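Below: the structure, in structure tokens.
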Amino acid sequence: QAALACHDLDVLLRATHAVAALSLAAVSGSLEAYAPEVHALRPYPGAARAAAEVRRLLGGPGGTGTGGARRIQDPFGFRAFPQAHGPALDAADALRRVVRTEVNCPSENPLIGADGTTAHHHGGFYAAPLGLALDGLDLALLQTAQLSAARLAALGRPDLTGLPAFLASGPAGSSGTMILEYTANSALAELRACALPASAGHAVLSHGLEEAASFASQAARQTLRAVDAYATVLACELVTAVRALRCFRGAAALRGVRR
């Protein structure tokens, strides 16, 4: 379950760069927050990677912009994207290393020596590294999901997009993409529940001989649920960003994004 969650999440985290870039373009956001100089001062690997990917998507190697920023400072959903999404990238990398160890290394107890005559009773099966990596990833995923929902809400604001409220068309009172905010926030509530650390659990079994548990299995199940919920949040942002860009079609600044 942990390996499956790790694989599925890797796809989603990479897709998040493209979705966030589409949203940033739709609000004519600034790439100042993504500048190499900003991330050289606080060299967190994940944040720097997220910023570089958005720059690449929106402006080529130089990351020159989205066609003219409308504001001095964008909302946090855009301006703090690298800082929120970067930890999720780092947490996913950390989980991948742990999963690789768990998959490729034995945990049998006792360990029988190479000579076949010695036995070592041990706790190598105790999966605290896996449980903690999964719990940490869930919390990091919640951070970037919350900003995805914030960008989704921002795309429905005329003052940010220059488009009708909720990107609506048709008669007055049309709700446009507003319903997607409900869908995304419902999924966000599920993700928030999954982010409660399974590793905080406690159990005493076998007359006290086994007086602790890692709850890594529970953590893996929670991460699978969290990944599904995150996919829903991101999909809602994607649909809304694409609609905003279609309403905004013809803008020269969007040529690179469309490619």
Worksheet item: Just wondering, is there one or more residues in the range 114-125 that are touching a residue at least 40 places away in the same chain (Cβ under 8 Å), surrounded by fewer than 20 Cβ atoms within 10 Å (Cβ to Cβ), out of contact with any His (no Cβ under 7 Å at 6 or more places or on another chain) and farther than 19 Å from residue 234 by Cβ?
Response: no
Worksheet item: Counting only residues that are at pLDDT 90 or above and of a type outside the set (Gly, Ala, Ser), how many does the range 119-131 have?
Response: 2
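Inspect the range 132-144 for any residue being at pLDDT 95 or above and either among the β-branched types (Val, Ile, Thr) or farther than 30 Å from residue 188 by Cβ (or both) and give the result as yes or no.
Taking the range 132-144 and keeping what is at pLDDT 95 or above, we get 132-144.
With either among the β-branched types (Val, Ile, Thr) or farther than 30 Å from residue 188 by Cβ (or both) added as a condition, the list becomes 144.
Yes: one or more hits.
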Discussion item. I'm trying to understand the selection: among the residues of the range 141-169, which are buried (at least 23 other Cβ atoms within 10 Å of the Cβ) and among the aromatic types (Phe, Trp, Tyr)?
Written reply: none
Discussion item. Take the residues in the range 1-60 that are over 22 Å from residue 229 (Cα atoms) and β-branched (Val, Ile, Thr); name whichever of them is surrounded by the fewest Cβ atoms within 10 Å (Cβ to Cβ).
Written reply: 38
Worksheet item: Out of the residues in the range 47-101 that are in a helix (DSSP H, G or I) and among the polar types (S, T, N, Q), which is modelled with the highest pLDDT?
Response: 83
Practice prompt. Spot the failing condition for residue 193; the list is (1) at pLDDT 95 or above; (2) of a type in the set (A, V, I, L, M); (3) touching a helix residue (DSSP H, G or I) at 6+ places or on another chain (Cβ under 7 Å), and only one is missed.
Written response: (3)
Response to the item:
Of the residues in the range 134-182, those that are more than 18 Å from residue 243 (Cβ to Cβ) and among the aliphatic types (A, V, I, L, M) come to 134, 137, 139, 140, 141, 142, 145, 147, 172
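The values are calculated or read from the model by the stated rules, or taken from the named source; none is laboratory data. In this text the structure is predicted, and so the values were computed from the model without any measurement. Quick reminder, even Gly has a Cβ in these numbers, built from the backbone with ideal geometry, and neighbours come from all protein chains shown.
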